[in-house]
Amino acid sequence: MGCFTFVKLMMFLFNLLIFLGGLTLLAMGIWVSVDGGSFLHLLGPFSSQAMQFVNVGFFCIAIGVVLVLLGLLGCCGAHKESKCLLLTFFSIILIIFIAEVAAGVVALAYSSFAEGILRAWATPALQKDYGSEPVVTKIWNTTMTELKCCGFTNYTDFVGSNFEKENGGSLPPSCCWTNSAPCSSAEAERSAVQGCFKQILETLKEHANIVGGIAAGIGVLEIAAMIVSMYLYCRLDKSIS
């Protein structure tokens, strides 16, 4: 029972960290979304590099909410010794882990397939929502400005879009080497500004070690969480038997 109590305590502490991390991420996401200027001012000399992250505030909020709920689920399962909650916690972590592994395999081994999936989401957003939806417009403007890119593939993502029609055939300034309006399709073609997908890939390759280390650390934590939760589940099952 001493080992069981120790593992139960570790499960509780682990999920308490998840809960607190979720609260931190949630608070940061709200802060960034509401007052991005103060957030950038706090970063000082790193503000220009961090500008592209200001627009992911809503994403941080969503992830924060998921982590808070997951932490509560794990803590309640360990405290109440509930098989149902522990199994639910294990299942959610397993699904997240499998999704992360699948995404990593697709991104590494089938980059063209991953590009197709992302394009299926990005292109319609550029065609229909850019210029009319403030969140989408702000995200893409910041991304294109900071990475010095145009669209997802290139300037053709904006050809025939609502933005082009509403602006008399003009494309976003980032699509032309002059980086100023008006930016016509012909000028964009001559400028040959790369698409943001290539720029993002290059950025990830430059920081591959950091990205890989973070991914490995998250994977280890998820595996540890699954082992601990399943251990508690099996011990409770034996106790009931």
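The values are calculated or read from the model by the stated rules, or taken from the named source; none is laboratory data. The shown structure was predicted, so the numbers you read here are calculated from the model rather than taken from an experiment. Virtual Cβ from ideal backbone geometry, glycine too; neighbours counted across all protein chains shown. Just the protein is used for accessible areas: all its heavy atoms, side chains included, with ligands, DNA and RNA removed. Shrake-Rupley method; radii C 1.70, N 1.55, O 1.52, S 1.80 Å.
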Exercise. What number of residues in region 171-198 are out of contact with any Phe, Trp or Tyr (no Cβ under 8 Å at 6 or more places or on another chain), outside any loop (DSSP other than H, G, I, E, B) and among the small types (G, A, S)?
Worked result: 2
Exercise. Looking at region 171-199, which of its residues are under 29 Å from the mean Cα position of the chain (by Cα), among the hydrophobic types (A, V, I, L, M, F, W, C) and surrounded by fewer than 16 Cβ atoms within 10 Å (Cβ to Cβ)?
Worked result: A192
Exercise. Across region 81-100, what is the total count of residues that are at pLDDT below 85, more than 15 Å from M230 (Cα to Cα) and either in contact with a Leu (Cβ under 7 Å, 6 or more places away or on another chain) or open to solvent by 70 Å² or more (accessible area, probe 1.4 Å) (or both)?
Worked result: 1
For this session: State all residues of region 121-170 that are hydrophobic (A, V, I, L, M, F, W, C), assigned to a helix (DSSP H, G or I) and surrounded by fewer than 18 Cβ atoms within 10 Å (Cβ to Cβ); if no residue qualifies, say none.
Result: W121, A125, V135, V136
